[in-house]
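Worksheet for the structure shown next.
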Amino acid sequence: MATKSDTTSETKVFENVVCPFCATLCDDLKVHVTNNQVGKMINACNLSKGVFQNAHKDWTTPMIDGKQVEYDHAVEEAAQILAKANNPLIYGLAATDVEAQKKCIELADLIGANLDNASSV
Ligand code: SF4
């Protein structure tokens, strides 16, 4: 990965960045970083842009409709959604550790869900 500084601002440009968010592993991303925030990205798909540009967000706080809730409430809401689903899909898991993936597989078996990962995009 090469780095170039943009002398007109505090922006650093990282070239040939490898994206880890699906099995394609694109290795030609150009990523602009200003004040420790990812900005403009070249050669990145929307999935990659979304994850890189929101990397600093706190994803550990459970939320429903954008509002912070307690974990128990979030789990109950998720269970209700899954229980009502006609064709549930458990998707992603590319950045999920093995123990969590095992739990997802158990859940998919339990509710008859389809299971897919990010390599299918
Ligand atoms: S998520 Fe997008 S940019 Fe990243 S490796 Fe996959 S296709 Fe490439």
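In the stretch 30-74, what residues are within 14 Å of V18 (Cα to Cα) and either in contact with a helix residue (DSSP H, G or I) (Cβ under 6 Å, 6 or more places away or on another chain) or exposed (fewer than 12 other Cβ atoms within 10 Å of the Cβ) (or both)? Result: M41, single match. In the set (1) within 22 Å of D116 (Cβ to Cβ); (2) away from the ligand (no atom under 16 Å from the Cβ); (3) in contact (Cβ under 8 Å) with a residue 12 or more places away in the chain, W59 fails one condition alone, (3).
Yes or no, residue by residue, for (1) modelled with pLDDT under 95; (2) under 16 Å from the mean Cα position of the chain (by Cα):
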site: A74; (1), (2): no, no
site: E77; (1), (2): no, no
site: A83; (1), (2): yes, no
site: L93; (1), (2): yes, yes
site: T96; (1), (2): yes, yes
site: D109; (1), (2): no, no
site: V121; (1), (2): yes, yes
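Identification of helices (runs of 4 or more DSSP H) wholly contained in the stretch 7-121 with 2 or more residues that are acidic (D, E) yields 71-84, 98-111. Only a single criterion out of (1) within 16 Å of the ligand (Cβ to nearest atom); (2) of a type in the set (V, I, T); (3) more than 17 Å from the chain's Cα centre (by Cα) is not satisfied by V18, namely (3).
The values are calculated or read from the model by the stated rules, or taken from the named source; none is laboratory data. This structure is a prediction, so every number in the text was calculated from the model and none was measured. Every residue, glycine among them, receives a Cβ derived from its backbone with ideal geometry; neighbour counts consider all protein chains shown.
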